[in-house]
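The values are calculated or read from the model by the stated rules, or taken from the named source; none is laboratory data. The shown structure was predicted, so the numbers you read here are calculated from the model rather than taken from an experiment. Counting neighbours? That spans all protein chains shown, and the Cβs are built from the backbone with ideal geometry, glycine included.
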Amino acid sequence: MSKWKISLSNLTGKTTASFFPQVKKVVYTAAAVTALSFGIHTAPLALASATGSETTTVYYVYYNDEYIGTVSSKKAIETVVNKKIKETKTNFGGVELTTGSQLTYIPEQVFRSSVSTNNEEVVKKVKEKLTVQAEATAIDLDGKQAVFVDSKKTAEEVIKKLKLQYVTEDQLNVVEARKKDPSITLPPLQLNETRVLDVRLSKNVSFSKANVTPDQILTVDNAIKLLQSGTLEQKKYQVQEGDVLGSIANGHGLTLQQMVEINPGLTEESVLQIGQEVNITVHVPLIEVAVDKESLVTETIPYTTETVEDANLSKGDKKVRQEGQNGERQASYTISEQNGNIVSKQEISSNITIQPINEVIVKGTKVVPSRGDGSLAWPTVGGYVSSQMGYRGGKMHKGIDIARPSSYTIKAADNGIVVSAGWDGGYGNKVVIDHQNGIRTVYGHLASIGVRTGQTVAKGSSIGVMGSTGDSTGVHLHFEVYRNGSLQNPISYLR
């Protein structure tokens, strides 16, 4: 059971400020308030100066050796003390309250009329100055009292549970056992295993006795939260692309209004500039838990891509000569974490188990002219004109049909750029080539297309396969020629 003491504050009448266990109101040091208790220190009696005169006993009241008044009876003051103790017991049930030894009564026997008393004034002063304090255990960080709990046992529990926020109890037990007995050796690290080597704190931790107001004593959980959350410190943040004031606020646990308050000159509608610095607040823990680990893992070694040039392949064309394959390696690391965040990772050793295979890409460098010379080559491998250009059945046949080739390969009639390659209603699969000299050629009814829009093609290069798609009655090529947008007879251009 905790022990509590009664104390009086200084003569200003100000009571010790209350401590609230909130992360934003942190007490770094506790005032060294000496516990006060009420006892009687008896002084030699002053004898009456006249025999037979009527005398009485008065009490000179001192607080920390400073006179605060004279009373005719201690009962009124003791009533104040008992009431305060009773009130404290109501608010902090289950605790033991005791009195200190700083309030001094000096009795003296005097003539009734020779000394005046001021009972009410002394009682009033006692009421104003009286505070209740408890015997607590302080968790000291680098020698400074930071957090108060009810006992040393609780303080030890706080520190242990703080460490258990970042490691398991089994891991902590192994580390503590090795610290007690350095001769304990660890077995070889297994593949894909990570284990804890050490758990330590960023500051020296010790425990000391302290006298504090009851509301300064924290539970285990609240003590841990205070140690982890600590205080708020203001720092600068440099605006990145895409940042707005609201997103920066959310990213640092602030409201938009709070961001505006700590950044004079900014409003909720302010437009931020990349590189601009704004004020932010961040939590700074009172203490951090450092964890050292070692790890043995399997890692992928990405393959690299190698590009080689081929003068026989048209510029812009690529093909894969060798497929790439990732490799594997085993690597061991030492890792240091602080409050769960990795602060360093160092590779100790590595061993390649599977060598990666590079991907080899062949890139064409052959420049294909995109401008034709005006003379059109026969667009098929052999074959004959099965239908001439002109009207038939009252409908204009815009080109010629070529049928029965020795190969179904369709070829570009001249150098040019493919401006269309795809399905076009009655044409079926159709390719249109602009020869960059005012001439365009059209290839219809293809079974499949071998070029893409925007591709540069050379005279005589394959652009597709002859077929019978669209409005067609048999396998053949429908071939059209345009000059400056006007339909031409292909026979006049074919060489």
Being of a type in the set (S, T, N, Q) and under 20 Å from Val289 (Cβ atoms) narrows it down to one of Thr154, Thr117, so name that one.
Thr154
Positions within the stretch 232-256 being part of a helix (DSSP H, G or I), under 17 Å from Gln276 (Cα atoms) and aliphatic (A, V, I, L, M), in sequence order:
Leu245, Ile248, Ala249
Residues located in the stretch 102-160, provided they are charged (D, E, K, R), crowded, with 18+ Cβ neighbours inside 10 Å and at pLDDT 95 or above
Asp140
One residue is enough: does the stretch 471-483 have a residue meeting the conditions in contact with a helix residue (DSSP H, G or I) (Cβ under 6 Å, 6 or more places away or on another chain) and not in a loop (DSSP other than H, G, I, E, B)?
yes
Starting from residues that are within 60 Å of the chain's Cα centre (by Cα) and among the polar types (S, T, N, Q), keep the ones in the stretch 460-488 and report whichever is nearest to Leu376 (Cα to Cα).
Ser461
Going through (1) within 20 Å of Ser375 (Cα to Cα); (2) in a strand (DSSP E or B) one by one, His445 fails only at (1)
Can you tell me which residue in the stretch 316-361 is farthest from Leu201 (Cα to Cα), limited to those that are in contact with an Asp or Glu (Cβ under 6 Å, 6 or more places away or on another chain) and surrounded by 15 or more Cβ atoms within 10 Å (Cβ to Cβ)?
Val360
Here's a check for you: in the stretch 193-219, which residue that is assigned to a helix (DSSP H, G or I) and crowded, with 16+ Cβ neighbours inside 10 Å is modelled with the lowest pLDDT?
Pro214
Would you mind stating whether Val442 is surrounded by 15 or more Cβ atoms within 10 Å (Cβ to Cβ) and within 16 Å of Leu487 (Cα to Cα)?
yes
Could you list all residues from the stretch 406-436 that are farther than 17 Å from Thr469 by Cα and crowded, with 16+ Cβ neighbours inside 10 Å?
Lys411, Ala412, Ala413, Asp414, Asn415, Gly416, Ile417, Val418, Ile433, Asp434, His435, Gln436
Within the stretch 164-181, can one find any residue that is in contact (Cβ under 8 Å) with a residue 40 or more places away in the chain and either small (Gly, Ala, Ser) or surrounded by 15 or more Cβ atoms within 10 Å (Cβ to Cβ) (or both)?
yes
Only one of Gly364, Gly399 is at pLDDT 95 or above and surrounded by 15 or more Cβ atoms within 10 Å (Cβ to Cβ), namely Gly399
